[in-house]
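A quick write-up on the structure given underneath.
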Amino acid sequence: MVSKIIEEVTAANAEYASKFTKGSLPLPPGRKFAVVTCMDARLDPAKALGLEEGDAHVIRNAGGRAKDALRSIIISQQLLGTEEVIVIHHTDCGMLTFEDSELHGLLKERFGKDIADLDFLPFSNVEASVRDDIALIRSSGVVRSEIPVSGYVYEVETGRIRPVEQ
Ligand SMILES: [Zn+2]
């Protein structure tokens with residue numbers, strides 16, 4: 001039994017593929033940069049940042065946290081030639097709404113699992129989280145010092161990005 005979602009996405013994909021003309025793009029991103037951002041459904045990096053297929057790496061996770069993205073950032077730079085990183089967190093992020101202890105408690109209650117050592121990387125201030133993540137990337141010791149790392153907050157209310165650190 002195929003779910004309604006699977007029916008929808010496969011139909012959408014058939015439509016996309018019927019007009020697809022970008023089958024011979026090179027593997028390394030053509031514009032040589034990576035974006036680290038949140039998985040939030042309201043944020044569409046391709047539309048908001050003017051990206052086409054083949055342009056850039058978009059590394060997404062809950063919150064757009066650099067700690068979670070570091071593995072991908074290293075692969076992006078060392079193996080696929082990207083030379084710039086943009087960190088974008090956003091207003092009204094779900095990561096502003098909970099603390100680790102709450103999620104640990106919930107998992108214990110629902111699954112009987114004690115994973116108190118897992119850091120979900122929530123934050124209480126979106127500008128501060130952008131600054132923290134830029135600092136984490138710069139101090140990681142695995143990103144070349146001349147690589148520009150900038151940070152923005154995307155406003156889900158306006159569609160704009162505003163600079164935090166450039
Ligand atoms: Zn978010």
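The values are calculated or read from the model by the stated rules, or taken from the named source; none is laboratory data. Bear in mind the structure is a predicted one, so any value in this text is a computation, not a measurement. Using ideal geometry, Cβ is built from the backbone for each residue, glycine included, and neighbour counts are taken over all protein chains shown. These area figures cover heavy atoms from the full protein model, side chains too; ligands, DNA and RNA do not enter into them. Shrake-Rupley method; radii C 1.70, N 1.55, O 1.52, S 1.80 Å.
In summary, Ile86 fulfils each of the numbered conditions (1) at pLDDT 95 or above; (2) over 16 Å from Val153 (Cα atoms); (3) away from the ligand (no atom under 11 Å from the Cβ) with the single exception of condition (2).
Pro45 meets the conditions (1) without any contact (Cβ under 8 Å) to a residue 60 or more places away in the chain; (2) in contact with a Lys or Arg (Cβ under 7 Å, 6 or more places away or on another chain) in every case but one. The failed one is (2). Of all residues in region 121-153, those being in contact with a strand residue (DSSP E or B) (Cβ under 7 Å, 6 or more places away or on another chain) and assigned to a loop (DSSP other than H, G, I, E, B) number 1.
Across region 18-37, the number of residues qualifying as closer than 28 Å to Gly159 by Cβ and without any contact (Cβ under 8 Å) to a residue 60 or more places away in the chain comes to 12.
Within region 29-52, the residues that satisfy the criterion of being farther than 21 Å from Leu121 by Cα, in a loop (DSSP other than H, G, I, E, B) and of a type outside the set (Lys, Arg) are Pro29, Gly30, Asp44, Gly50, Leu51, Glu52. Within region 68-75, identify whether any single residue is surrounded by 13 or more Cβ atoms within 10 Å (Cβ to Cβ), at pLDDT 95 or above and within 16 Å of the ligand (Cβ to nearest atom), and answer yes or no. Taking every residue of region 68-75 in turn, at least one turns out to be surrounded by 13 or more Cβ atoms within 10 Å (Cβ to Cβ), at pLDDT 95 or above and within 16 Å of the ligand (Cβ to nearest atom). Being in contact with a His (Cβ under 8 Å, 6 or more places away or on another chain) and either more than 19 Å from Val130 (Cβ to Cβ) or surrounded by fewer than 16 Cβ atoms within 10 Å (Cβ to Cβ) (or both): is that true of Leu51 here? So Leu51 fails the test.
Checking the condition open to solvent by less than 70 Å² (accessible area, probe 1.4 Å), of a type in the set (A, V, I, L, M, F, W, C), touching a residue at least 12 places away in the same chain (Cβ under 8 Å) and in a loop (DSSP other than H, G, I, E, B), which residue from Leu103, Leu80, Leu118 passes?
Of the residues listed, the single one that is open to solvent by less than 70 Å² (accessible area, probe 1.4 Å), of a type in the set (A, V, I, L, M, F, W, C), touching a residue at least 12 places away in the same chain (Cβ under 8 Å) and in a loop (DSSP other than H, G, I, E, B) is Leu80.
Across region 53-67, the qualifying residues are those that are out of contact with any Ser or Thr (no Cβ under 9 Å at 6 or more places or on another chain) and not in a loop (DSSP other than H, G, I, E, B), and the one among them that is farthest from the ligand (Cβ to nearest atom) is Lys67.
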